[in-house]
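Below is one structure, written out as structure tokens; the observations come after it.
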Amino acid sequence: MTNLLSAIYDSLNIVVFVHERDSDFTLHAAAPDWLVFFLGKSSCPQTCALPDVFPYLTCFMDDAQQHWDAKQAFPLTSGSWIETDALGNELALEATALWVDNQAVLLLQNLGEKYRQEVSRLQQVRNGLLTQEKLENEVQKRTLKIKQREEEIAIKLVSLTSYRDEETGAHVRRIGLYAAAMAKALNWPAQQIDDIRIAAPMHDLGKIGIPDRILLKKGKLTDAEFSIMKRHTEIGAKMLNDSNIPALDMAAEIALCHHEKWNGTGYPREIKGEEIPIAARITSIVDIYDALVHERVYKKAMSEKDAIALMASMAGSHLDPTLFEVFLGLLPVMRRIRTEVHELEDLMVSCV
């Protein structure tokens with residue numbers, strides 16, 4: 001049996017030491033060639049200080065001693081480390097402490113080719129991960145460019161209506177940012193947040209189909225004129241429908257339903273509550289807010305305090321009360337958007 005174990009140890013490049021006391025170890029059987037370089041002889045005397053030969057073991061000895069004191073039979077490994085022999089060859093070694101037949105045993109293994117194969121495998125995995133990360137970063141960059149392009153197309157498309165009524169380019173851009181902030185607060189998926197940022201600014205796109213005599217009229221609209229004005233919701237939806245592009249599909253819903261009211265008295269379909277698409281309910285809130293707190297040729301700006309008070313009176317009748325509470329919690333974000341996206345940006349929109 002002893003010969004069999006020796007043959008196994010030799011084939012696995014394992015050397016067996018018995019721990020005597022402190023740093024002293026006794027080598028069982030002759031040292032293999034790779035170990036002779038470090039010990040300086042093929043056998044080890046009773047007082048061989050193994051940690052002096054392999055300083056790395058000093059870090060392992062405290063854990064190993066606790067393991068032996070507890071008389072644990074399961075192996076405790078040191079982890080691999082690299083030693084360089086007298087010929088400059090690097091050897092990967094690993095120590096294992098265990099308690100066998102009432103003896104503190106330390107196995108020292110030359111990992112050899114096994115270690116190099118494992119390092120090679122890990123390097124391949126690392127390279128693969130780096131390549132994957134590089135590809136993912138490239139995809140993210142391209143996706144961002146596509147999103148930016150889609151948003152720019154949407155803003156330019158909406159800018160067509162800004163030539164014909166009092167809406168401004170900054171207004172429609174803010175609408176998208178307000179709506180995206182609310183979607184994020186509602187924990188929407190990232191793609192849907194991007195979609196509503198692009199879609200919400202197109203809520204009034206259908207106004208392009210309303211005659212100037214009605215769209216640009218300064219006074220109050222007659223009932224007949226208002227009936228025609230209300231058609232901008234359906235015109236916008238028809239312009240945006242059937243695209244198979246999620247952002248435009250959402251824009252079609254918003255265009256059609258952003259004048260619907262929570263209590264069912266809105267237009268064009270007089271639907272109510274959660275029958276109204278949530279993207280349209282969000283857009284309705286932020287559109288009213290931005291319109292109230294900004295000056296237009298036909299009105300002065302309202303203070304935010306007064307605007308919020310007015311909107312609060314609309315919650316539960318015109319506006320979704322739950323979404324309005326979400327909006328109120330985001331007022332600091334809304335104010336920042338108002339500050340950073342101001343009316344001077346209209347100059348850029350008007351030049352496209």
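Taken together, the values in this text are just the output of simple stated rules run on the coordinates, not laboratory data. Note that the structure is predicted; figures quoted are calculated from it, not measured. Backbone-built Cβ (ideal geometry, glycine too); neighbour counts: all protein chains shown.
Using Cβ counts within 10 Å as a stand-in for footprinting exposure, how do 82, 254, 337, 14 rank, fewest first?
Working: 82 11, 254 31, 337 20, 14 16.
The most exposed by this proxy come first: 82, 14, 337, 254.
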Exercise. How much FRET efficiency would the formula 1/(1 + (r/R0)^6) give for residue 18 and residue 56, where r is the Cβ-Cβ distance and R0 is 22 Å, rounded to 0.05?
Worked result: 0.65
Problem set entry | Extension gain from residue 304 to residue 184, taking 0.36 nm per residue of separation minus the Cα-Cα distance | 40.9 nm
Exercise. In what order do 74, 37, 324 fall by count of nearby beta-carbon atoms within 10 Å, going from fewest to most?
Worked result: 74, 37, 324
Exercise. In which sequence would 319, 76, 135 go, from the one with the fewest C-beta neighbours within 10 Å to the one with the most?
Worked result: 135, 76, 319
Exercise. Per residue and in Å³, how big is the convex hull formed by the alpha-carbon atoms of segment 215-352?
Worked result: 148
For this session: Set the Förster radius R0 to 30 Å, insert the Cβ-Cβ distance between residue 270 and residue 145 as r into 1/(1 + (r/R0)^6), and round the FRET efficiency to 0.05.
Result: 0.10
For this session: Return the whole-Å distance between the Cα centroid of segment 12-36 and the Cα centroid of segment 167-233.
Result: 82
For this session: List the lysines whose Cα lies under 19 Å from the Cα of residue 145, skipping any in the same chain that are fewer than 8 positions away.
Result: 134, 156
Problem set entry | Distance between modelled label sites at residue 335 and residue 77, nm, 7 Å Cα→Cβ extension | 5.9
